[in-house]
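The values are calculated or read from the model by the stated rules, or taken from the named source; none is laboratory data. Model, not experiment: these values are computed from the prediction. With ideal geometry, Cβ positions are generated from the backbone for all residues, glycine too; neighbour counts draw on all protein chains shown.
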Amino acid sequence: MKIVVAIKQVPARDSQLRAEGSGGWIQTADLTYEINEPDAYALEAGLQLKEKAGGEVVALCAGPASASQTIREALAKGADRAIHIEEDKLNGLDTLAIARLLSKAVQAEKPDLVLTGLQSDDLGYGQTGVVMAELLGMPHGTIIMEVEPKGAAIRVKRELENGWFQHVEMPLPAVLTIQSGISKLRYATLMGIKKAKTKEVKRFTAADLSVDLKKTATIAKVYAPQRSKQTQLLDGTPKEAAAKLVEKLKFEVRVL
(Lines give C-alpha, C1' and ligand atoms only; values in the text may rest on other atoms or scores of the structure.)
Protein backbone atom coordinates (compact mmCIF):
# COMPACT_ATOMS: atom_id res chain seq x y z
CA MET A 1 0.00 0.00 0.00
CA LYS A 2 1.39 3.39 -0.99
CA ILE A 3 0.34 6.11 1.43
CA VAL A 4 0.96 9.82 0.83
CA VAL A 5 0.73 11.98 3.95
CA ALA A 6 0.38 15.75 3.48
CA ILE A 7 2.19 17.65 6.23
CA LYS A 8 2.53 21.37 6.86
CA GLN A 9 5.12 23.53 8.60
CA VAL A 10 3.47 25.92 11.08
CA PRO A 11 4.75 28.32 13.76
CA ALA A 12 5.52 26.60 17.05
CA ARG A 13 2.62 26.80 19.48
CA ASP A 14 4.59 28.84 22.02
CA SER A 15 5.60 31.45 19.41
CA GLN A 16 4.82 35.12 19.99
CA LEU A 17 2.74 36.06 16.95
CA ARG A 18 2.66 39.64 15.66
CA ALA A 19 0.95 40.97 12.56
CA GLU A 20 2.97 42.60 9.79
CA GLY A 21 2.68 46.34 9.38
CA SER A 22 0.47 45.87 6.33
CA GLY A 23 -1.74 43.42 8.19
CA GLY A 24 -1.47 40.89 5.38
CA TRP A 25 0.21 38.16 7.44
CA ILE A 26 2.24 37.58 10.58
CA GLN A 27 5.89 38.53 11.09
CA THR A 28 7.97 35.44 10.30
CA ALA A 29 11.56 36.61 10.84
CA ASP A 30 11.99 35.37 14.42
CA LEU A 31 9.57 32.44 14.46
CA THR A 32 10.42 28.83 15.14
CA TYR A 33 8.49 26.15 13.29
CA GLU A 34 7.21 22.62 13.81
CA ILE A 35 5.07 20.03 12.07
CA ASN A 36 1.36 20.84 12.18
CA GLU A 37 0.04 18.71 15.06
CA PRO A 38 -3.05 17.34 13.23
CA ASP A 39 -0.72 16.31 10.38
CA ALA A 40 1.50 14.54 12.90
CA TYR A 41 -1.51 12.32 13.74
CA ALA A 42 -2.07 11.71 10.02
CA LEU A 43 1.57 10.65 9.72
CA GLU A 44 1.20 8.34 12.71
CA ALA A 45 -1.90 6.77 11.15
CA GLY A 46 0.01 6.24 7.91
CA LEU A 47 2.94 4.62 9.68
CA GLN A 48 0.63 2.29 11.60
CA LEU A 49 -1.12 1.28 8.36
CA LYS A 50 2.25 0.54 6.79
CA GLU A 51 3.11 -1.70 9.75
CA LYS A 52 -0.18 -3.61 9.24
CA ALA A 53 -0.38 -3.83 5.46
CA GLY A 54 3.18 -3.13 4.24
CA GLY A 55 4.09 -0.68 1.51
CA GLU A 56 5.58 2.78 1.88
CA VAL A 57 4.76 6.16 3.39
CA VAL A 58 5.58 9.30 1.39
CA ALA A 59 5.59 12.64 3.18
CA LEU A 60 4.35 15.56 1.06
CA CYS A 61 5.03 19.16 2.09
CA ALA A 62 4.59 22.51 0.35
CA GLY A 63 6.60 25.35 1.84
CA PRO A 64 9.82 27.35 1.78
CA ALA A 65 13.31 25.86 2.06
CA SER A 66 13.02 25.99 5.86
CA ALA A 67 10.26 23.36 5.65
CA SER A 68 13.02 20.79 5.10
CA GLN A 69 13.30 20.59 8.88
CA THR A 70 9.67 19.45 9.13
CA ILE A 71 10.23 16.98 6.30
CA ARG A 72 13.28 15.51 8.05
CA GLU A 73 11.20 15.05 11.20
CA ALA A 74 8.66 13.02 9.22
CA LEU A 75 11.45 10.92 7.69
CA ALA A 76 13.03 10.38 11.10
CA LYS A 77 9.73 9.09 12.46
CA GLY A 78 9.49 6.48 9.72
CA ALA A 79 8.36 7.95 6.39
CA ASP A 80 10.23 6.22 3.57
CA ARG A 81 10.77 9.25 1.35
CA ALA A 82 9.44 12.76 0.84
CA ILE A 83 8.30 15.29 -1.74
CA HIS A 84 9.02 18.97 -1.09
CA ILE A 85 7.19 21.53 -3.20
CA GLU A 86 9.55 24.41 -2.50
CA GLU A 87 7.79 27.75 -2.71
CA ASP A 88 8.40 30.89 -0.66
CA LYS A 89 5.17 32.71 -1.44
CA LEU A 90 2.50 30.39 -0.06
CA ASN A 91 1.44 32.60 2.87
CA GLY A 92 -2.04 33.93 2.32
CA LEU A 93 -2.93 31.47 -0.45
CA ASP A 94 -6.44 30.07 -0.21
CA THR A 95 -7.30 26.39 0.24
CA LEU A 96 -8.01 25.78 -3.44
CA ALA A 97 -4.58 27.03 -4.55
CA ILE A 98 -2.77 24.85 -1.99
CA ALA A 99 -4.94 21.82 -2.80
CA ARG A 100 -4.17 22.21 -6.52
CA LEU A 101 -0.47 22.27 -5.76
CA LEU A 102 -0.56 19.19 -3.51
CA SER A 103 -2.91 17.27 -5.82
CA LYS A 104 -0.60 17.73 -8.79
CA ALA A 105 2.24 16.09 -6.87
CA VAL A 106 -0.05 13.30 -5.65
CA GLN A 107 -1.22 12.45 -9.18
CA ALA A 108 2.29 11.45 -10.22
CA GLU A 109 2.59 9.09 -7.24
CA LYS A 110 -0.68 7.20 -7.87
CA PRO A 111 -1.11 6.34 -4.16
CA ASP A 112 -3.63 3.97 -2.64
CA LEU A 113 -4.34 6.39 0.21
CA VAL A 114 -3.85 10.10 0.86
CA LEU A 115 -3.92 11.26 4.49
CA THR A 116 -4.08 14.78 5.86
CA GLY A 117 -4.64 16.25 9.29
CA LEU A 118 -8.12 17.49 10.09
CA GLN A 119 -7.00 21.14 9.94
CA SER A 120 -3.93 23.34 10.27
CA ASP A 121 -2.91 25.02 13.51
CA ASP A 122 -2.30 28.36 11.81
CA LEU A 123 -5.34 28.90 9.58
CA GLY A 124 -7.65 26.10 10.69
CA TYR A 125 -9.76 26.00 7.53
CA GLY A 126 -10.17 22.21 7.65
CA GLN A 127 -10.76 22.08 3.88
CA THR A 128 -7.52 21.03 2.17
CA GLY A 129 -8.06 17.28 2.32
CA VAL A 130 -11.65 17.51 1.09
CA VAL A 131 -10.72 19.81 -1.81
CA MET A 132 -7.83 17.51 -2.75
CA ALA A 133 -10.24 14.57 -2.92
CA GLU A 134 -12.48 16.50 -5.32
CA LEU A 135 -9.53 17.50 -7.53
CA LEU A 136 -8.19 13.94 -7.55
CA GLY A 137 -11.62 12.39 -8.15
CA MET A 138 -11.28 10.14 -5.10
CA PRO A 139 -13.81 9.24 -2.39
CA HIS A 140 -13.03 10.83 0.95
CA GLY A 141 -13.80 10.54 4.64
CA THR A 142 -13.37 13.19 7.32
CA ILE A 143 -12.73 13.12 11.09
CA ILE A 144 -11.37 9.59 10.86
CA MET A 145 -10.69 7.73 14.12
CA GLU A 146 -9.67 4.30 12.81
CA VAL A 147 -8.60 2.81 9.48
CA GLU A 148 -8.73 -0.93 8.77
CA PRO A 149 -7.38 -2.33 5.46
CA LYS A 150 -9.75 -4.77 3.72
CA GLY A 151 -8.11 -5.93 0.50
CA ALA A 152 -8.89 -3.40 -2.22
CA ALA A 153 -10.93 -1.34 0.23
CA ILE A 154 -10.73 0.14 3.73
CA ARG A 155 -13.14 0.37 6.63
CA VAL A 156 -13.02 3.64 8.55
CA LYS A 157 -14.55 4.92 11.76
CA ARG A 158 -15.77 8.53 11.65
CA GLU A 159 -16.49 10.69 14.66
CA LEU A 160 -19.90 12.35 14.61
CA GLU A 161 -21.64 14.45 17.27
CA ASN A 162 -22.67 13.66 20.84
CA GLY A 163 -20.55 10.51 21.11
CA TRP A 164 -21.87 8.92 17.90
CA PHE A 165 -19.63 7.21 15.34
CA GLN A 166 -20.09 6.07 11.76
CA HIS A 167 -18.43 3.02 10.18
CA VAL A 168 -17.95 3.26 6.41
CA GLU A 169 -16.35 0.89 3.91
CA MET A 170 -14.60 2.78 1.10
CA PRO A 171 -12.89 1.71 -2.14
CA LEU A 172 -9.28 2.62 -2.80
CA PRO A 173 -7.72 4.99 -3.71
CA ALA A 174 -9.20 7.43 -1.19
CA VAL A 175 -8.45 10.59 0.79
CA LEU A 176 -8.89 10.72 4.58
CA THR A 177 -8.59 13.58 7.06
CA ILE A 178 -7.44 12.19 10.40
CA GLN A 179 -8.80 13.30 13.77
CA SER A 180 -6.23 14.56 16.27
CA GLY A 181 -5.57 12.62 19.47
CA ILE A 182 -6.59 9.20 18.16
CA SER A 183 -3.27 7.59 19.11
CA LYS A 184 -0.01 8.31 20.86
CA LEU A 185 2.51 10.06 18.63
CA ARG A 186 5.86 8.32 18.28
CA TYR A 187 9.18 10.07 18.83
CA ALA A 188 11.99 10.01 16.32
CA THR A 189 14.67 7.57 17.46
CA LEU A 190 18.39 8.25 17.15
CA MET A 191 18.59 5.59 14.44
CA GLY A 192 15.61 7.17 12.66
CA ILE A 193 17.30 10.57 12.72
CA LYS A 194 20.45 9.08 11.19
CA LYS A 195 18.49 7.24 8.47
CA ALA A 196 16.52 10.40 7.61
CA LYS A 197 19.72 12.01 6.31
CA THR A 198 20.00 9.40 3.56
CA LYS A 199 16.33 9.14 2.55
CA GLU A 200 15.18 10.54 -0.78
CA VAL A 201 13.58 14.00 -0.92
CA LYS A 202 12.26 15.03 -4.33
CA ARG A 203 12.01 18.78 -4.82
CA PHE A 204 9.66 20.58 -7.18
CA THR A 205 8.34 24.08 -7.66
CA ALA A 206 4.88 25.17 -8.71
CA ALA A 207 6.31 25.88 -12.16
CA ASP A 208 7.69 22.33 -12.38
CA LEU A 209 4.19 21.01 -11.65
CA SER A 210 2.56 23.49 -14.09
CA VAL A 211 0.43 24.98 -11.32
CA ASP A 212 -0.57 28.64 -11.37
CA LEU A 213 -0.63 29.91 -7.80
CA LYS A 214 -3.28 32.54 -8.41
CA LYS A 215 -5.56 33.34 -5.49
CA THR A 216 -9.31 32.87 -5.58
CA ALA A 217 -9.62 34.33 -2.08
CA THR A 218 -7.41 36.65 -0.03
CA ILE A 219 -6.84 37.41 3.63
CA ALA A 220 -8.02 40.97 4.16
CA LYS A 221 -6.34 41.59 7.51
CA VAL A 222 -4.50 39.75 10.27
CA TYR A 223 -4.72 41.30 13.73
CA ALA A 224 -4.74 40.39 17.40
CA PRO A 225 -8.26 40.25 18.90
CA GLN A 226 -9.12 43.04 21.29
CA ARG A 227 -9.35 42.02 24.91
CA SER A 228 -11.91 43.50 27.22
CA LYS A 229 -13.13 42.80 30.74
CA GLN A 230 -16.72 42.94 31.85
CA THR A 231 -18.23 42.28 35.25
CA GLN A 232 -21.78 41.00 35.65
CA LEU A 233 -23.64 40.72 38.94
CA LEU A 234 -26.14 37.88 39.14
CA ASP A 235 -29.17 38.67 41.25
CA GLY A 236 -31.39 36.30 43.19
CA THR A 237 -30.85 33.56 45.72
CA PRO A 238 -27.64 31.51 45.64
CA LYS A 239 -29.53 28.74 43.81
CA GLU A 240 -30.92 31.17 41.23
CA ALA A 241 -27.53 32.86 40.77
CA ALA A 242 -25.85 29.48 40.28
CA ALA A 243 -28.41 28.51 37.62
CA LYS A 244 -27.81 31.81 35.78
CA LEU A 245 -24.03 31.28 35.99
CA VAL A 246 -24.27 27.78 34.53
CA GLU A 247 -26.46 29.06 31.69
CA LYS A 248 -23.96 31.79 30.82
CA LEU A 249 -21.01 29.39 30.97
CA LYS A 250 -22.86 26.96 28.72
CA PHE A 251 -24.39 29.25 26.09
CA GLU A 252 -22.30 32.44 26.14
CA VAL A 253 -18.79 31.42 27.19
CA ARG A 254 -19.27 27.85 25.87
CA VAL A 255 -16.96 26.15 28.36
CA LEU A 256 -19.47 23.58 29.62
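Which of the residues spanning region 7-23 are surrounded by fewer than 20 Cβ atoms within 10 Å (Cβ to Cβ), out of contact with any Pro (no Cβ under 7 Å at 6 or more places or on another chain) and not basic (Lys, Arg)? Listed by number, the residues that qualify are 11, 12, 14, 15, 16, 19, 20, 21, 22, 23. Using the structure shown, decide if residue 26 is surrounded by 14 or more Cβ atoms within 10 Å (Cβ to Cβ), in contact with a Cys (Cβ under 7 Å, 6 or more places away or on another chain) and either in the same structural domain as residue 116 (by TED's automatic domain parsing) or modelled with pLDDT of 90 or more (or both). No: the conditions fail for residue 26. Summed over region 224-255, residues that are loosely packed, with under 10 Cβ neighbours inside 10 Å and in a loop (DSSP other than H, G, I, E, B) total 16.
Taking region 1-32 only, how many residues are farther than 27 Å from residue 51 by Cβ and part of a loop (DSSP other than H, G, I, E, B)? Counting residues in region 1-32 that are farther than 27 Å from residue 51 by Cβ and part of a loop (DSSP other than H, G, I, E, B) gives 19. In the condition set (1) closer than 25 Å to residue 61 by Cα; (2) of a type outside the set (A, V, I, L, M, F, W, C); (3) touching a residue at least 24 places away in the same chain (Cβ under 8 Å), residue 208 is compliant with all but (3). Take residue 143 and decide whether it is surrounded by fewer than 20 Cβ atoms within 10 Å (Cβ to Cβ), of a type in the set (Val, Ile, Thr) and farther than 24 Å from residue 76 by Cβ. Yes, satisfied.
Tallying residues that are touching a residue at least 40 places away in the same chain (Cβ under 8 Å) and not aromatic (Phe, Trp, Tyr) within region 221-240 yields 3. Put simply, of 45, 79 the only residue that is more than 12 Å from residue 113 (Cβ to Cβ) and either crowded, with 20+ Cβ neighbours inside 10 Å or among the hydroxyl-bearing types (Ser, Thr, Tyr) (or both) is 79.
Considering the conditions (1) at pLDDT below 95; (2) within 24 Å of residue 174 (Cβ to Cβ); (3) in contact with a Pro (Cβ under 6 Å, 6 or more places away or on another chain), residue 4 is excluded by exactly one of them, (1). Filtering 203, 186 for residues that are within 30 Å of residue 104 (Cα to Cα), in contact with a His (Cβ under 8 Å, 6 or more places away or on another chain) and outside any helix (DSSP H, G or I) leaves a single hit, 203. Return the only residue of 45, 74, 59, 79 being among the small types (Gly, Ala, Ser), within 27 Å of residue 146 (Cβ to Cβ) and assigned to a loop (DSSP other than H, G, I, E, B). Just one listed residue meets the conditions, 79. Answer yes or no: is there a residue in region 50-57 that is assigned by TED's automatic domain parsing to the domain that holds residue 171, buried (at least 24 other Cβ atoms within 10 Å of the Cβ) and not aromatic (Phe, Trp, Tyr). Within region 50-57 (the criterion being assigned by TED's automatic domain parsing to the domain that holds residue 171, buried (at least 24 other Cβ atoms within 10 Å of the Cβ) and not aromatic (Phe, Trp, Tyr)), the answer is yes, since at least one residue qualifies.
Okay, residues lined up against (1) surrounded by 14 or more Cβ atoms within 10 Å (Cβ to Cβ); (2) within 17 Å of residue 96 (Cα to Cα):
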position: 179; (1), (2): yes, no
position: 184; (1), (2): no, no
position: 189; (1), (2): no, no
position: 202; (1), (2): yes, no
position: 211; (1), (2): yes, yes
position: 215; (1), (2): no, yes
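When you scan region 184-206, do you find a residue that is of a type in the set (A, V, I, L, M) and under 19 Å from residue 135 (Cβ atoms), even just one? Yes: region 184-206 contains one or more residues that are of a type in the set (A, V, I, L, M) and under 19 Å from residue 135 (Cβ atoms).
Looking only at residues that are within 23 Å of the chain's Cα centre (by Cα) and over 22 Å from residue 131 (Cα atoms) in region 149-162, which one is surrounded by the fewest Cβ atoms within 10 Å (Cβ to Cβ)? The residue in question is 161. If you go through region 82-109 and pick out every residue that is assigned to a loop (DSSP other than H, G, I, E, B) and modelled with pLDDT of 95 or more, you end up with 0.
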